[in-house]
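Read the structure below first, then the notes.
The values are calculated or read from the model by the stated rules, or taken from the named source; none is laboratory data. Please read all numbers here as calculations on a predicted model, not as lab measurements. As a convention, Cβ positions derive from the backbone with ideal geometry for all residues, glycine included, and neighbour counts pool all protein chains shown. What goes into the accessible areas is simple: the full protein's heavy atoms, side chains included, and nothing from ligands, DNA or RNA. Shrake-Rupley method; radii C 1.70, N 1.55, O 1.52, S 1.80 Å.
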Amino acid sequence: MTPQVVVTCGVGGVGKTTTAAAFGVAHALAGARVVVVTIDPARRLADALGVSLTSHTPERVPLDDPSICGTLSAVMLDRKAMWDSMVRTLAPSADAADRLIHNRYYRAVSTRLTGSHEYMAVELLHALVAEGAWDVIVLDTPPASNAEEFLRAPDRVRRLLDRRVLEALTGSAGGLFGGATRKALGLARRLIGERVFDDIQEFLGLLSAISEQVVAHNAAIDKLLASRSTAFYLVVTVNHGRDDDDARFIETLRERGIRFGGFVANRVHEQPPPIQRFDPHPPPGVDPAAWAQWVTVLGALPAAAAREAEHDRRAAERLASGGDSVWCLPEVPGGAHSVSALRRLAERLPPR
Ligand SMILES: Nc1ncnc2c1ncn2[C@@H]1O[C@H](COP(=O)(O)OP(=O)(O)O)[C@@H](O)[C@H]1O
Ligand SMILES: [Mg+2]
């Protein structure tokens, strides 16, 4: 069965990782076997979820509530580990994989390739689907990328790894050093250095060998993203409003046949609970002037908080005016770092 896939997008710092974790909790509460792929969790959230860069397999998150029949697991995406595992899966032999992984250009290129982070997130998604152990996979997206970039990254990597490009770089005509006469080639070899020259040629040759399979893998990922069980959510701060980037993103999703689940307006101020009126009469022994000042200051707070909440409510309404769903997550005092805080957020996320 194809698992349900939830992807949280948005600009850095808005709460993508927090929202992804909250989606994970929401689905686990509903009884699903869930895995959340986090990318850059804040330290305390990473601790709460038990994820670390040294573990590349999903770890179970203790939910400390026997009434929950679903399970929550989490894993942190490590780009380098993902590239290595992809090379191992796709290379024609273990020997070829080893040579590529130990090639000195491999590390630099695999982490610097534009879109490499986003591409690996999608690759990991593919691997988790293949495991068949999950009802729901929640995918957080990289900090620096906006939603558009995230969707375009696989295309970009696919183009870079295109067999024809790689063959042209390494090809029989001399590739990267094409057009050079034997003498010039010898000179280039001496100038760049024999080892460097050979390593670059070997690296490109090996990439060329795996590129065809990368392309095939990519097509499967595209199909998965366009399935009805996938939904992308755009996390925003409520006052941000709907801007051109959002419109472009939603349009890109539509073009690709990907379902837009709606906006997640994060850190929304909620209506404060009513508080008892302060007694204007000071208790015995308390300075009446000081008491009166405190009563005035504290007495004004609920009204200020209510105005803030009303402001956010209107902003959320404006966000929804385009016809898309808006899910409001409250500001959790002190930060959303614990499973119990995530449960508070989870209650507000869309029903399954
Ligand atoms: N609803 C919330 N209430 C309180 N703190 C939040 C909330 N959402 C996010 N945060 C905090 O904001 C910071 C950034 O959130 P994070 O999810 O890491 O953003 P992103 O992944 O978009 O960069 C974190 O410290 C997180 O705990
Ligand atoms: Mg993040």
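Specify the residue that is nearest to ARG254 (Cα to Cα); the eligible residues are those in region 144-165 that are open to solvent by less than 50 Å² (accessible area, probe 1.4 Å) and out of contact with any Phe, Trp or Tyr (no Cβ under 7 Å at 6 or more places or on another chain).
So in region 144-165, the residues open to solvent by less than 50 Å² (accessible area, probe 1.4 Å) come out as 145, 147-148, 150-151, 153-155, 157-158, 161-162.
The next check asks that each one be out of contact with any Phe, Trp or Tyr (no Cβ under 7 Å at 6 or more places or on another chain); those that pass are 145, 150-151, 155, 158, 161-162.
Values: SER145: 20, PHE150: 15, LEU151: 12, ASP155: 17, ARG158: 21, LEU161: 26, ASP162: 26 Å.
The extreme case among them is LEU151.
Does ALA300 count as open to solvent by less than 60 Å² (accessible area, probe 1.4 Å) and either away from ligand 1 (no atom under 16 Å from the Cβ) or closer than 30 Å to ALA46 by Cα (or both)? Write out each step before concluding.
On the way: open to solvent by less than 60 Å² (accessible area, probe 1.4 Å): yes; either away from ligand 1 (no atom under 16 Å from the Cβ) or closer than 30 Å to ALA46 by Cα (or both): yes.
Here the answer is yes, as ALA300 does meet what is asked.
Within region 263-274, restricting attention to residues that are at pLDDT below 90 and open to solvent by less than 100 Å² (accessible area, probe 1.4 Å), which residue is nearest to ligand 1 (Cβ to nearest atom)?
Taking region 263-274 and keeping what is at pLDDT below 90, we get 270-274.
Narrowing the set further to residues that are open to solvent by less than 100 Å² (accessible area, probe 1.4 Å) leaves 270, 272-273.
Values: GLU270: 11, PRO272: 16, PRO273: 18 Å.
In this case the residue turns out to be GLU270.
Report, by residue number, each residue of region 225-282 that is in a loop (DSSP other than H, G, I, E, B), within 18 Å of ALA309 (Cβ to Cβ) and of a type in the set (Lys, Arg).
Narrowing region 225-282 to residues in a loop (DSSP other than H, G, I, E, B): 226-229, 241-243, 256-259, 269-282.
Checking which are within 18 Å of ALA309 (Cβ to Cβ) leaves us with 241, 269-275.
Across region 225-282, there are no qualifying residues.
Restricting to region 97-139, count the residues that are open to solvent by 50 Å² or more (accessible area, probe 1.4 Å) and not in a helix (DSSP H, G or I).
Going through region 97-139 one residue at a time, the tally reaches 2.
How many residues does region 32-47 contain that are open to solvent by less than 30 Å² (accessible area, probe 1.4 Å) and either at pLDDT below 95 or not in a loop (DSSP other than H, G, I, E, B) (or both)? Don't jump to the end; show me each part of the working.
Residues of region 32-47 open to solvent by less than 30 Å² (accessible area, probe 1.4 Å): 32, 34-39, 41, 45-46.
In the following step, the residues that additionally are either at pLDDT below 95 or not in a loop (DSSP other than H, G, I, E, B) (or both) were identified as 34-39, 41, 45-46.
Qualifying residue count for the region: 9.
Give the number of residues within region 55-82 that are over 16 Å from the mean Cα position of the chain (by Cα) and closer than 17 Å to VAL136 by Cβ.
Matching residues across region 55-82 total 9.
Restricting to region 215-265, name every residue that is more than 16 Å from the chain's Cα centre (by Cα) and of a type in the set (S, T, N, Q).
Correct list: ASN218, SER227, SER229, THR237, ASN239, THR252.
Residues that are open to solvent by 40 Å² or more (accessible area, probe 1.4 Å) and β-branched (Val, Ile, Thr): does region 324-343 have at least one? Show your work before the answer.
So the first thing to find is which residues in region 324-343 are open to solvent by 40 Å² or more (accessible area, probe 1.4 Å), and the list is 325, 327-328, 331, 333-334, 337-338, 340, 343.
Next cut, β-branched (Val, Ile, Thr) only: none.
The answer is no; no qualifying residue exists.
For region 1-31: of the residues being assigned to a strand (DSSP E or B) and either more than 16 Å from ligand 2 (Cβ to nearest atom) or hydroxyl-bearing (Ser, Thr, Tyr) (or both), which is farthest from LEU128 (Cα to Cα)? Talk me through it step by step, then tell me what you get.
Filtering region 1-31 for residues assigned to a strand (DSSP E or B) gives 4-9.
Subset that is either more than 16 Å from ligand 2 (Cβ to nearest atom) or hydroxyl-bearing (Ser, Thr, Tyr) (or both): 4-5, 8.
Details: GLN4: 12, VAL5: 11, THR8: 17 Å.
It comes out as THR8.
Go through region 32-52 and give me each residue that's within 13 Å of ligand 2 (Cβ to nearest atom) and not acidic (Asp, Glu).
The initial filter retains those residues of region 32-52 that are within 13 Å of ligand 2 (Cβ to nearest atom), namely 36-43, 45-46, 49, 51.
If the condition is that a residue be within 13 Å of ligand 2 (Cβ to nearest atom) and not acidic (Asp, Glu), then VAL36, VAL37, THR38, ILE39, PRO41, ALA42, ARG43, LEU45, ALA46, LEU49, VAL51 are the ones that fit.
Can you name every residue in region 1-15 that is within 12 Å of ligand 1 (Cβ to nearest atom) and open to solvent by 10 Å² or more (accessible area, probe 1.4 Å)? Give the derivation first.
Narrowing region 1-15 to residues within 12 Å of ligand 1 (Cβ to nearest atom): 8-15.
Across region 1-15, the qualifying residues are VAL11, GLY12, GLY13, VAL14, GLY15.
Results for (1) within 30 Å of PHE249 (Cβ to Cβ); (2) part of a helix (DSSP H, G or I); (3) acidic (Asp, Glu), shown as yes or no for each residue.
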residue: GLY299; (1), (2), (3): no, yes, no
residue: ALA316; (1), (2), (3): yes, yes, no
residue: GLY322; (1), (2), (3): yes, no, no
residue: PRO333; (1), (2), (3): no, no, no
